[in-house]
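Readers should treat all values here as calculations from the given coordinates under stated rules, not as data from a laboratory. Nothing here was measured: the structure is a model prediction, and the numbers come from that model. All Cβ positions, glycine included, derive from the backbone under ideal geometry; neighbour counts span all protein chains shown.
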Amino acid sequence: MDKKITRSPLHKYLKPSLLGLSILAVACTAYSFSQSGAGGRSHNLAISNITISSVTQGAFIDALNLRGQVIPKTTIYLDTSAGGQVEQRLVEQGEYVEQGQPLVRLSNTNLQLDVMGREAQVTEQLNFLRNTQMNMATSQLNLRRDLLEIELQISHLQRRLKQSSTLVNKGVLAKDRLEEIENDLNYYQARKKLTIERQAQENSIRKVQVKQLEDSAEMLAKNLKFARANLDNLMIKAPVSGYLSELNVDIGESKERGARLGQIDIPNEYKLVIRLDEFYLNQVQRGSAVMVELETGDIEAQVSKIDSRVNQSQFQIEVDLPKGTNGIKRGQSIDVDLMLGGNKDNALLLNRGAFFTNSGGNWAYVLEADGTSAVRRNITLGKKNQHYFEVLSGLAIGDRVITSSYGNFDKAQQLQLN
C-alpha cells in the first residue's frame, strides 16, 4: 500500500525564494549593462574639492622654467710643479689674494740637494769653458809672438846678407858664409809663411769653437736657471688676483708632483650651470635667450655652451652672465626661463595642473554647459611652459576643464558635481 509524502514548510517556500533572487540578480545586471552602455561609470564629487580652468586664447611663450647654479666663469687651479711637504700655510680659504702673493710654502730636501749638485756641476762646466777660452787665447798670443820673432830674424838675416855680399865681393868673407846666411833667410821666410797659414787656420777653428763654447755656456746657464726655478716653485704663489675658493693643504702633509692644492676664482665673472631633461636636447641651441630672475630685476643672457653628454637622463648647458652682475654669489641657485623659440600668438591655452599626471595629457574631464556634471573627453596637448599647456585638439575656447588631480576617480566616464 502506497504512503503519501507530505512536503515540509521549508521546501514549500525555498524554491519560490530562490527564483525571486535569481530574477532580482538578472534585473540588476541588466541595469548595470544599460548604464555602462548609455553613460558609463559615474562618480559623485564635491565641486569644492576640484580646480576648474577655462580654455583661453592668447600668446604661448615656449619657455622652460629651470634653476641654475652660479659658478665662476674663469677658475685658475693651483697645482704643484715640484712635490714636497707642506711647511707653512700663509693664507686661508675664501680670502682675496693678489697676483704673486705667497700662498703655501713647501719643503723638499731631495730637490734642494739636487739643485745644489746641479749648481756645482754647472759651475764646474763654466770654469772648464773659461779655461778652454783662456788656453785658446794663449795659443793665439804664442802664434803672434812666434811670427814677430820670425819677422825679426828675417830682418836681421836680410841686413847680414846685404853686408856679407859686399864683403864677399871684396874677398874679405868666404862665399860659403854667404850661402849659409841665404839658407837661414830662406828657412825663416818659409817658416813665416807656415806660421801665417797656421794662424789663419787656427783663427777659423777658433771662431767655430768659440761659438760652440758660447752656446754651451748659454745652455748651461739656462739649465742652472731652470734648476733654481724648480727650487723657487716650492713657494706656491697666486698666478692671478681673485678669491681663493679652495685650499686643500695641511701643515706637514706631503704633496706629490702635480697635486691639486686649490683654486682661484676670478671675481665679478660668473656663469650658470643648468641641467635639463634629455627630451630637450634637440631644442636647445647655442645663443638661445635666457631670462635670469634676480632680486634686482630680470636680465637677459644667452646659452654659451651645450654639453650633450647625457647622464641620468639629463644633459647640461652653461649660460654666461653679463660682467659685473651684482647680487649673486658662487654656489647660489637662480630661477631662469629658457626660451625655446616656439612662440605662438594665437594659441589655445589651458592652465597647467596635476591632472596631467593621471591622464598624460590624452584626456580630461570637461564640464557640461549647466556645470552640474563633467564628462571624460579625449584631447591632444602640445608644448608646455611655466603656466600653460598648448591645446592642439579636443577643446575649444571657453571650455571648462578640471585641472586638479583626478585621484581615485580617473576610471569614471562621468562626474556628478555637488
Neighbourhood charge, 12 Å Cβ-Cβ cut-off, centred on His43 and excluding it, Lys, Arg +1 and Asp, Glu -1: +2
On Cα atoms only, tilt of 9-38 relative to the major axis of the chain in degrees: 50
In degrees, nearest ten, helix 175-232 long axis to first principal axis of the chain (Cα): 20
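Pairs to check: Lys73/Lys329; Lys73/Lys305; Lys271/Lys329; Lys344/Lys383; Lys305/Lys383. Give those whose C-alpha atoms are more than 18 Å from each other in this structure.
Pairs exceeding the cut-off: Lys305/Lys383.
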Proximal aspartates and glutamates relative to Lys225, as straight alpha-carbon distance under 20 Å, when same-chain residues fewer than 8 apart are discounted: Asp114, Glu119, Glu124, Glu214, Asp215
P(r) tail fraction, the chain - alpha-carbon pairs more than 28 Å apart, %: 77
Largest-first principal axis extents, alpha carbons of segment 123-272, Å: 117, 34, 16
Helix axis angle, 109-170 relative to the chain longest principal axis, alpha carbon, degrees: 30
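Between the DSSP loop rule and a limit of at most 14 other Cβ atoms within 10 Å, which trypsin sites (Lys or Arg not before Pro) in segment 258-303 are left? Walk me through the numbers before you get to the answer.
Working: sites: Arg260, Lys271, Arg275, Arg286; in loops: Arg286.
Qualifying residues, ordered by number: Arg286.
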Neighbour cut-off at most 14 other Cβ (10 Å), DSSP loop, GluC sites (Glu not before Pro), segment 78-140: Glu92, Glu95, Glu98
Of the GluC sites (Glu not before Pro) in segment 294-383, those whose Cβ has at most 15 other Cβ within 10 Å and which sit in DSSP loop: Glu295, Glu368
Added length on full extension, which subtracts the Cα-Cα distance from 0.36 nm per residue, Gln69 to Glu182: 30.2 nm
Helix-only CD estimate at 222 nm, as mean residue ellipticity for the chain, using -39500 (n - 2.57) per DSSP H run (n ≥ 4): -13500 deg cm²/dmol
Relative contact order of the chain, pairs being alpha-carbon contacts under 8 Å that are 6 or more residues apart, as %: 30
Cβ-Cβ FRET estimate between Asn311 and Asp232, R0 fixed at 41 Å, reported to 0.05: 0.45
